Amino acid sequence: MDSRLTQFAALSQKDKAPAYLSLVSEILARQDQSLIAADLHTLVETVTQDGGIVVGRQVLSELVRNLSTGTISDHALRKRVVEDTLAVIQPRIVSYEEQVNSLRFQLADLLESEEEWSEAARVLMGISSRSLTDEEKFRVNIRIVRLLLEDEDSVQAETYYNRAASLSNSTSDRETQLQFKLCQARISDYARKFLEAAMRYHELSWLAEIDEEERKEILSAAVTCAVLAPAGPNRSRVLASLYRDERSADLPTYNILSKMFLDHILRPAEIKTFEERLRPHQLAKIAISSNDQLASSIDDDDSAEPSTSTRRGPSTVLDRAVMEHNLLASSKIYNNITFRGLGALLDLTPGAAETMARKMIEQGRLKASIDQVDKLIWFDAGREEDDAQGKAGGLGDVEQTSEDTGAPYTKRWDMQIRMTAANVETIVQHLAEKGLIQPTATA
């Protein structure tokens, strides 16, 4: 090998290229593959050092072409050759930018097939973007984001997602656009913007270009994010959209979805089953601020009924979502509730329960008022879902005025009596139609 390279070095510049190219084909065609990597290393080193840039580019382009067409079938050997070639030409990377980019794409493919997600992403990060079009840059950034998210590296993935977002108008390729939208949803999910992620996932679950099984997984992700989203009118709209989607009934998370939509209080056993399906970032611990800790430490003065819980606040994202939902659900059941009673319901100290209610009222997610003298939370007669459903149909905010005749609780009681009587009448009619009861004659 060394003697032949010495002979080639003595050739004229125009004869060097054909000689080196024939040697590349000869090395790759060998039956014995044990010396291929070493011989190619020697060849590339000689060409890049002594062959000149023009000859070097021709030889490297031929080597890259053969590697991409699968001339070396052995996966480990091909990976070794690509890595070794990149290491040899690294000091002269400016002269061989196009060839280096091609080799990096091949190495990323090999690492991705081995499920070395982060390593593949790092290889792609080293690609020079000067010779790439905006569309190619967009594709590379999206691929890096996808690989980083596979290894749960959401912080670095968001950086490359932001780069891709600035180039999102550079392509009209439908597949690339779908990959970008899926990255949008996943970035929102990892950033704990669960409401935004749920809406993006649900939108993607309707696209016919995506495989049916994958659409089902995306819909399941939408339900999970909707459950983890902060309780309030905005989440009510998303829950309503998912609950009315007939495909949701086949999901394993449908039980908790229906209970949240119908404002039922969630029990620990149901939460435990749902928790087993969550990904690590969805089980992240959350810290309680010093102000909330101070407010939560103020307990009732009534020592005759000591608090049954010592928890000062939710410990995980799921914990917070469930507590806020149960608080919102209790507002549909009770006219008012004591701090101690709400604490028992949420498994919090009375002070922590008051703090959670106060924050939801401040953020407009709970319609209620707090009476700190009597240690009561009074829930308003208006219902949050009325607001949510009124805006969901696309009508926007509709101002309605009505005369206040007073006695709101009497009117609510009358309405409950009328609804109960109407439901009983409907049941009787159904039973009569099926012949299960006989109408009685009146005298």
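Under the condition of being among the hydrophobic types (A, V, I, L, M, F, W, C) and at pLDDT below 80, which residue from the range 1-34 is surrounded by the fewest Cβ atoms within 10 Å (Cβ to Cβ)?
Ala10
Across the range 88-114, the qualifying residues are those that are under 29 Å from Asp151 (Cα atoms) and out of contact with any helix residue (DSSP H, G or I) (no Cβ under 9 Å at 6 or more places or on another chain), and the one among them that is most open to solvent (accessible area, probe 1.4 Å) is Glu97. For the range 145-204, residues that are outside any helix (DSSP H, G or I), more than 19 Å from Gln282 (Cβ to Cβ) and touching a helix residue (DSSP H, G or I) at 6+ places or on another chain (Cβ under 6 Å) total 2. May I ask you to verify whether Leu204 is among the aliphatic types (A, V, I, L, M) and buried (at least 18 other Cβ atoms within 10 Å of the Cβ)? Yes: the conditions hold for Leu204.
Quick check on my filter: what residues within the range 236-254 are part of a helix (DSSP H, G or I) and over 18 Å from the mean Cα position of the chain (by Cα)?
Scanning the range 236-254 gives Ser236, Arg237, Ala240, Ser241, Tyr243, Glu246, Arg247, Ser248, Ala249, Asp250, Tyr254.
Here Ala76, Ala87, Ala108 are screened, and the one residue that is over 29 Å from Asn141 (Cβ atoms) and either modelled with pLDDT of 85 or more or in contact with a Cys (Cβ under 7 Å, 6 or more places away or on another chain) (or both) is Ala76.
Scanning the range 222-235 for residues that are open to solvent by 30 Å² or more (accessible area, probe 1.4 Å) and in a helix (DSSP H, G or I) returns a single hit, Asn234. Flag: Ala344 matches the condition of being open to solvent by 50 Å² or more (accessible area, probe 1.4 Å), part of a helix (DSSP H, G or I) and in contact with a Ser or Thr (Cβ under 8 Å, 6 or more places away or on another chain). Looking across the range 256-281, the residues that are over 16 Å from Met323 (Cβ atoms) and either part of a helix (DSSP H, G or I) or of a type in the set (Phe, Trp, Tyr) (or both) come down to Leu257, Ser258, Phe261, Ala269, Thr273, Pro280, His281.
The values are calculated or read from the model by the stated rules, or taken from the named source; none is laboratory data. Not measured: the values here are computed from a predicted model. Note that each Cβ is placed from the backbone with ideal geometry, even for glycine, and that neighbours are counted across all protein chains shown. The area values use the complete protein model at the heavy-atom level, side chains included, leaving out ligands, DNA and RNA. Shrake-Rupley method; radii C 1.70, N 1.55, O 1.52, S 1.80 Å.
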